[in-house]
Ligand SMILES: Nc1ncnc2c1ncn2[C@@H]1O[C@H](COP(=O)(O)OP(=O)(O)O)[C@@H](O)[C@H]1O
Ligand SMILES: [Mg+2]
């Protein structure tokens, strides 16, 4: 278990009567990619702003890289890269000039700033357009420029608010690769999104937010285990006697539920990936295995199911 | 990690580091924006045209008096020829216009461009951003006005064929300084509105409305208010005097009045009083003899400090509001 990069304790933010963030206890370890996921208005941005010391918490405590953002804002902001949602730049200035300004605000020495700017622009694939005004940039390019800016600090923690919002699928995928490359550099990443399926692939752990509370937290398989009572759905197409096959599948260690969906299509809900075992069992039971596959549950499923349950739970 | 029992959130105001780190980066960036922007280009053309026009007209008028008037170059600023007002008359509204144009979108513009949260996520305090923007405005204003000043002195020397005396240069430099401070007031007014209003157009309108109020309506209002607050009941001279004094005090709440008085005293050395002049005050004074510069400056010292104090006050108000502002657009 790595060092804690972000740690909050009962962190709360109220706007009048509205509780935007409610007693949040969050810990993020070094090198992790953590996703704050939840619908619009669930308190993601507010949480991020408190981590950066840009909004003052109503109560509770925050530690970022071991520092208190309210008391040591400069140290925190020198080490943490932040890309706001819908990141904006000075449109009439070029990408490079925009970055130079940020480098100056970070008091980087001139030569070092120059080196880092070239490096960041190249890495984000913006080197050829570096001297064009940002006005001409697409949304995807602006996001990459946002990351280039964040990289200037050589940050230990990068916070990205809704980094894939408004990007086309290709652009979003590209951006997820950028996030993976940050992780490979050993940078801890905190990202937020209201599109759960888009980011579940890159997050080591996620926290699901709902009305200011973090209602679920863990890795995607863990959450699936918790909420869907089984992380893996193995499906098989088998020809053969139904009862024997059903029974064989039910006997599998780890199988929780077996259902027959079509005339020869079965579904096994299991706590792990049982494809190999299921195939063997079916064949041994005398069935003809035509095809099989596994569905890992999506966060959308988990989220939908969780709130279904909460709803029923409170209703009855 | 052992959690210390959290103390109730007392504001620990021992802030880390310098509040001014990043200040000069902001000043440099903002100044570059001002000096390359289209907005300034238009205003520069406007002010140069005004200067050239009025100074040319003044030169025509002053030709005859060259040699008799020791302060002929100062007259360049104040001499008018129908139908044009004198250059200082133009300055009275050009300077506020430039100042407002420089600052009306300084803060809300960062919000509407969605750059504010990105900039404040850098290791700087809000103090540096706000003061940096203000200083950049003042420096730009100073640069423009100093250029105009040189232009006027230079063309006066050519047009009238007289070199400036040290006294004239000193007086006009003081005048330049006062003009910059006068601009400072409008700069901080516009900046204040750019903090209060999220729409730059609203902020511009509010600034211009404020300027109009003080230029046009405040004088009228002072004339209405003074008799109400200090009525003349019995017609004693003391009463009349008190009322006039009150009216004068009231008009001095307008930066325009302060600036006009400063301008008068600095550019017309023979002016020995900028308020009400009682016969007793003129006793023993040889009318028409110019005051030395130090006396003229002393005469309008309260007005000068008033201009500066108002600037600081308005800036401080904006500062407080900006510190409390949510950074989300
Ligand atoms: N400055 C503010 N004043 C009042 N309410 C606010 C303010 N900022 C955010 N909120 C409210 O706080 C809640 C959480 O907002 P936010 O953190 O932006 O959610 P998210 O980023 O998850 O979409 C929302 O209900 C929002 O309306
Ligand atoms: Mg948000």
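The values are calculated or read from the model by the stated rules, or taken from the named source; none is laboratory data. Computed from a predicted structure; not experimentally measured. FYI the Cβ positions are ideal-geometry reconstructions off the backbone, even for glycines, and counts take in every protein chain you see.
Screening A:87, A:64, A:76 for residues that are at pLDDT 95 or above, within 21 Å of residue A:182 (Cβ to Cβ) and either surrounded by fewer than 19 Cβ atoms within 10 Å (Cβ to Cβ) or in contact with a helix residue (DSSP H, G or I) (Cβ under 7 Å, 6 or more places away or on another chain) (or both) leaves exactly one candidate, A:64.
Residue A:133 meets each of the listed conditions (1) more than 12 Å from every other protein chain (Cβ to nearest Cβ); (2) within 16 Å of ligand 2 (Cβ to nearest atom) apart from (2).
Could you list, in sequence order, all residues of segment A:186-199 that are surrounded by fewer than 21 Cβ atoms within 10 Å (Cβ to Cβ) and either more than 23 Å from residue A:83 (Cβ to Cβ) or more than 16 Å from ligand 1 (Cβ to nearest atom) (or both)?
Passing the criteria: A:186, A:197.
Residue count for segment A:1-57 under the criterion of being more than 15 Å from ligand 2 (Cβ to nearest atom) and over 22 Å from residue A:302 (Cα atoms): the result is 23.
Put simply, of B:328, B:324 the only residue that is surrounded by fewer than 16 Cβ atoms within 10 Å (Cβ to Cβ), modelled with pLDDT of 90 or more and either touching a helix residue (DSSP H, G or I) at 6+ places or on another chain (Cβ under 6 Å) or under 30 Å from residue B:103 (Cβ atoms) (or both) is B:324.
Is it the case, given these coordinates, that residue A:69 is within 13 Å of ligand 2 (Cβ to nearest atom), in the same structural domain as residue A:203 (by TED's automatic domain parsing) and on the phi < 0 side of the Ramachandran plot? No: the conditions fail for residue A:69.
Does residue A:172 fit the bill of being closer than 19 Å to residue A:84 by Cα, part of a helix (DSSP H, G or I) and away from ligand 2 (no atom under 16 Å from the Cβ)? Yes: the conditions hold for residue A:172. Considering segment A:124-140, the residues that are out of contact with any strand residue (DSSP E or B) (no Cβ under 8 Å at 6 or more places or on another chain) and in contact (Cβ under 8 Å) with a residue 40 or more places away in the chain include one that is surrounded by the fewest Cβ atoms within 10 Å (Cβ to Cβ), namely A:135. Hey, residue A:77 hits all of (1) under 25 Å from the mean Cα position of the chain (by Cα); (2) within 16 Å of ligand 1 (Cβ to nearest atom) but one; which does it fall short on? Failed condition: (2).
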